[in-house]
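Right, one structure below, let's go through it.
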Amino acid sequence: MTLNVEYFVPRVLSWFERHGRKDLPWQQRPTPYRVWVSEIMLQQTQVNTVIPYYQRFMRAFPDVRRLASAQEDQVLHHWSGLGYYARARNLHAAARQIVDRHGGEFPARYEDVLALPGIGESTAGAVLSLSLGQRHAILDGNVKRVLARVFMVEGWPGRSSVLRKLWRIARDLTPEKEVASYNQAMMDLGATLCTRSHPRCADCPVVDYCQAHAQDRVQDFPGRKAGRQLKECSVQMLLVCNTRGEVLLQKRPPAGIWGGLWSFPELSMGEKAHEWLAQQAMTAQSMRELPPRRHSFSHFHLHIHPVIILLKKTGCQVLDGDGQVWYNPGKDQRRGLSAPVQQLLLELQRNSI
């Protein structure tokens, strides 16, 4: 189908004027920094989930210099529970790069934004178009879905040939004027009307132009990745508690799952907790298991088997530093924690273990 920009763009903009979202926190005083933080948080995360995190994050780090000067633990603490923690580490690294290379001013050139850690083409385009009105196309998950359906772009968008086709359409449709409203409108269309499971086609401003709707094939687009069985992994998490009500946490390596966060000591299912304790010169007064729980990642399911260990005495304690600390769950200690670790700490508090 030939792109009819004169049909498509005005209808999208008219719909946005009446129904688009205009009261989101990052839409108020939309500076490049504020929009950038929101775009990173919104990657693979729902708007309603992001809003409270964004508000807390902006109170703690109101500008790029404040973010750059923060310790990684502070940044991860404000990201705790939001998931995909590489986003936070990249955000922090990018802020420091902005200070070092751009004098603390968020760059206004597309190439400079694209060069920052954790920023791809769509994010760079979104930041500069939404905050500065520059003409750049975007192609986040919501926009991919809208374009794939309207133009019946066959195939999984993760394939390079399909992605190139979607980018070509996105760039051709992006208007010279009102680009901020248009890009926000396209994201809103995908998020509120052209949803994956229950699209509201009757309310769509371009339904008469949508090829997938005309052929009753809306649910076939966008194409899905070939299914694969997620791996199943199991781990023991040791909740080692001293008599002062503190629990031992260890800092995870900077890369990988929960990189840079604080977590409980972990053992494989075949290892013995009492042998690990002996290696740490600790002795258990009591030891009991909590019900197992599952935490899912994009590529595997993690089965967590928590073991609560109350130490016999406090004399043999690991000192703070070297990647391990005694953590008091009742105090506001600013450390990055994954959602399962936060949940287990809450259980410890509630049960006064």
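Quick look at the numbers
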item: Qualifying residue in region 133-140 (condition: in contact with a helix residue (DSSP H, G or I) (Cβ under 7 Å, 6 or more places away or on another chain) and part of a helix (DSSP H, G or I)); result: no
item: Within region 26-96, helices (runs of 4 or more DSSP H) holding 2 or more residues that are among the polar types (S, T, N, Q) and either more than 25 Å from His295 (Cα to Cα) or in contact (Cβ under 8 Å) with a residue 12 or more places away in the chain (or both); result: 47-60
item: Pairs where the first residue, in region 262-286, is closer than 30 Å to Gly83 by Cβ and the second is small (Gly, Ala, Ser) and part of a loop (DSSP other than H, G, I, E, B), C-beta under 6 Å, 6+ apart; result: none
item: Counted residues, region 287-305 - those being part of a strand (DSSP E or B) and either touching a residue at least 24 places away in the same chain (Cβ under 8 Å) or not assigned by TED's automatic domain parsing to the domain that holds Leu249 (or both); result: 9
item: From the options Ser296, Ser338, residue that is in contact with a Ser or Thr (Cβ under 7 Å, 6 or more places away or on another chain), among the hydroxyl-bearing types (Ser, Thr, Tyr) and within 30 Å of Ala60 (Cβ to Cβ); result: Ser338
item: Residue within region 103-124 that is in a loop (DSSP other than H, G, I, E, B) and modelled with pLDDT under 95 present; result: no
item: Considering residues of region 252-309 that are of a type in the set (Ser, Thr, Tyr) and under 17 Å from Leu348 (Cβ atoms) only, the residue surrounded by the fewest Cβ atoms within 10 Å (Cβ to Cβ); result: Ser286
item: Elements of type helices (runs of 4 or more DSSP H) contained in region 164-280, each with 2 or more residues being assigned by TED's automatic domain parsing to the domain that holds Thr49; result: 179-188, 211-214
item: Filter pass, Val113 being under 18 Å from Arg34 (Cα atoms) and in contact with an Asp or Glu (Cβ under 7 Å, 6 or more places away or on another chain); result: no
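The values are calculated or read from the model by the stated rules, or taken from the named source; none is laboratory data. On a predicted model such as this, the values are computed, not experimentally measured, just so you know. Note: ideal-geometry Cβ built from the backbone for every residue, glycine included; neighbour counts use all protein chains shown.
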